[in-house]
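The values are calculated or read from the model by the stated rules, or taken from the named source; none is laboratory data. These figures come from a predicted structure and were not determined experimentally. Note that each Cβ is placed from the backbone with ideal geometry, even for glycine, and that neighbours are counted across all protein chains shown.
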Amino acid sequence: MQTENYASRSGAQIVEDLKREVEKLRFQMRMVADTLDFHDNPIAYLVIVLNWDDEDLKTANDIFEKYNQRLENEEEVPWKEMEFELKDAFSIGYQTVKTVILAFYHNGQWTNVCRWFAEGQDVSEFKVIRREAALAN
């Protein structure tokens, strides 16, 4: 943004300049996201594509931790419950939930939760998780 004297500008003009600057930064971040490889940098990709901040990432980790704990306690947990919790927490759809699961799995985080979630569904996106889980057994 130009470093001009804002004293001579109206509040509305300054707000408009800031809006343009934010839009420019968003565009630049989308360009950065396009250069990231999902498999090499899955969490960074996720954060940029979903426009998450550190609190969103913490919320996602908290949700995964919650289901990890429940699975370790051998509770019967329907995977749909986690799906709905992710959808509600981030106002996302099912396709994006799958992206979140895959990002954490490919990052080596919460892999047992990701396997559990993937095993409950017969969708092509989770084929790699199910195949690797079968090889591990």
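Brief remarks follow.
- Residue 64 vs. criteria within 29 Å of residue 26 (Cα to Cα), surrounded by 14 or more Cβ atoms within 10 Å (Cβ to Cβ) and at pLDDT 95 or above: yes
- Some residue of segment 126-135 being loosely packed, with under 14 Cβ neighbours inside 10 Å and closer than 15 Å to residue 61 by Cβ: no
- Scanning segment 14-43 for residues that are part of a helix (DSSP H, G or I) and within 22 Å of residue 103 (Cβ to Cβ) yields 26, 28, 29, 30, 31, 32, 33, 34, 35, 42, 43.
- Filter result (within 20 Å of residue 54 (Cβ to Cβ) and of a type outside the set (Asp, Glu)) within segment 66-100: 66, 86, 89, 90, 91, 92, 96, 99, 100
- The requirement of being among the small types (Gly, Ala, Ser) and surrounded by 15 or more Cβ atoms within 10 Å (Cβ to Cβ) is fulfilled somewhere in segment 87-108, by at least one residue.
- Among the candidates 36, 57, residue that is in contact with a Phe, Trp or Tyr (Cβ under 8 Å, 6 or more places away or on another chain), more than 20 Å from residue 116 (Cβ to Cβ), surrounded by 12 or more Cβ atoms within 10 Å (Cβ to Cβ) and not β-branched (Val, Ile, Thr): 36
- When segment 68-89 is filtered for residues that are over 15 Å from the mean Cα position of the chain (by Cα) and within 15 Å of residue 118 (Cα to Cα), the ones remaining, listed by number, are 68, 71, 77, 78, 79, 80, 81.
- Here is the figure for segment 109-125: residues that are of a type in the set (A, V, I, L, M, F, W, C) and either loosely packed, with under 13 Cβ neighbours inside 10 Å or assigned to a loop (DSSP other than H, G, I, E, B) (or both) total 2.
- Pairing each residue of segment 37-53 that is farther than 16 Å from residue 92 by Cα and free of Cβ contacts under 8 Å to residues at least 12 places away in the same chain with any residue that is among the hydroxyl-bearing types (Ser, Thr, Tyr) and surrounded by 17 or more Cβ atoms within 10 Å (Cβ to Cβ), provided the two are 6+ apart or on different chains, yields C-beta distances under 9 Å for 37/45.
- Hits in segment 44-59 - residues which are charged (D, E, K, R) and not in a helix (DSSP H, G or I): 53
- Neighbours by Cβ (under 9 Å, 6+ apart or cross-chain): first from segment 89-100, touching a residue at least 12 places away in the same chain (Cβ under 8 Å); second of a type in the set (Lys, Arg) and assigned to a helix (DSSP H, G or I): 96/87; 97/87
- Selection from segment 114-137 of residues that are among the aliphatic types (A, V, I, L, M) and at pLDDT 90 or above: 118, 129
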